[in-house]
Ligand SMILES: [Zn+2]
């Protein structure tokens, strides 16, 4: 069974779905291609992507988490924020990757053969991803923007001419701000507000890394508002467990994980990590 399957979104963008639930994006121009994220370093991603494009490939990582960055060492040219380097190294060991896979696939995770894994490579030589970098794919551009919150080195990518924002885990319908590597809600709000001001009118679609390809186009604006609600205590605070961590989901959701007030953005946070220290 293939670990990945692909779905064409438009002329230049392909969503790649992994068996463990992550969504990667391949964006292909007339001259070059970029792959956004690399999943857990499992299932021979490089070979899979080579079946989709023969253009020279650059890999861009939204952040250093185990489910986004571990496939990087298979590729030659990978950009990541240096701010997530230590996090990447912490997530490299096989037990972290297997623990995550088990949380997604249950017992089936144990049946993946050892040769299907990219060996851990904590010293991998990443290229430095910087705010405002532009990748020219020939007939259009992908731009990189720093948006710290979920992690200190989180980046989002704008497919400029197509007005698509790929937000990774930086902003979605369950943005995780409860891990030790996350910024406070207050800092996240400041970063979102600065980002939104800079990006006004530049995108009209938002693509995500988990659960669904397309999120609400007002996701960033709603997340800014929601950070304000959290800081004022105007939240529903639904208990939320992930692996062995406990946190609060800010706004109540229905069985499809949609906010009851029909807004899209939602945040999982800790009460002791709302304000800047
Ligand atoms: Zn993440």
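Throughout, read-outs are computed from the coordinates displayed, never taken from laboratory work. Here the structure is a predicted model, which is why all the values come from computation and not from measurement. Quick reminder, even Gly has a Cβ in these numbers, built from the backbone with ideal geometry, and neighbours come from all protein chains shown.
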Checklist entry - Mind checking which residues of the range 73-85 are touching a helix residue (DSSP H, G or I) at 6+ places or on another chain (Cβ under 8 Å) and either within 16 Å of the ligand (Cβ to nearest atom) or on the phi > 0 side of the Ramachandran plot (or both)? => result 80, 84
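Select from the range 54-69 the residues that are surrounded by 17 or more Cβ atoms within 10 Å (Cβ to Cβ) and without any contact (Cβ under 8 Å) to a residue 40 or more places away in the chain and write down the one among them that is farthest from the ligand (Cβ to nearest atom).
In this case the residue turns out to be 57.
So which residues in the range 153-185 are away from the ligand (no atom under 12 Å from the Cβ) and farther than 20 Å from residue 231 by Cα? Even if it seems obvious, please write down each step before you answer.
Let us first name the residues in the range 153-185 that are away from the ligand (no atom under 12 Å from the Cβ), namely 156-166, 173, 180, 183-185.
Matches in the range 153-185: 156, 157, 158, 159, 160, 161, 162, 163, 164, 165, 166.
Any residue at all in the range 135-142 that's over 18 Å from the mean Cα position of the chain (by Cα), touching a residue at least 12 places away in the same chain (Cβ under 8 Å), in a loop (DSSP other than H, G, I, E, B) and at positive phi?
yes
Quick check on residue 186: is it closer than 24 Å to residue 86 by Cβ, surrounded by fewer than 19 Cβ atoms within 10 Å (Cβ to Cβ) and in contact (Cβ under 8 Å) with a residue 60 or more places away in the chain? So that I can check it myself, show each step before the final result.
Values: closer than 24 Å to residue 86 by Cβ: yes; surrounded by fewer than 19 Cβ atoms within 10 Å (Cβ to Cβ): yes; in contact (Cβ under 8 Å) with a residue 60 or more places away in the chain: yes.
So residue 186 passes the test.
State all residues of the range 150-170 that are more than 12 Å from residue 64 (Cβ to Cβ) and within 12 Å of the chain's Cα centre (by Cα); if no residue qualifies, say none. Give the steps one after another, and end with the answer.
Step one: of the range 150-170, the residues more than 12 Å from residue 64 (Cβ to Cβ) are 156-167, 170.
If the condition is that a residue be more than 12 Å from residue 64 (Cβ to Cβ) and within 12 Å of the chain's Cα centre (by Cα), then 156, 157, 165, 166, 167, 170 are the ones that fit.
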Item to check | Count of the range 16-47 residues which are buried (at least 20 other Cβ atoms within 10 Å of the Cβ), more than 16 Å from the ligand (Cβ to nearest atom) and not in a loop (DSSP other than H, G, I, E, B) | outcome: 9
Checklist outcome for this item: residue 2 meets each of (1) touching a helix residue (DSSP H, G or I) at 6+ places or on another chain (Cβ under 8 Å); (2) away from the ligand (no atom under 16 Å from the Cβ); (3) not in a loop (DSSP other than H, G, I, E, B) with one exception, condition (3)
Item to check | Scan of the range 110-133 for residues that are in a helix (DSSP H, G or I) and without any contact (Cβ under 8 Å) to a residue 40 or more places away in the chain, ordered by number | outcome: 110, 111, 114, 115
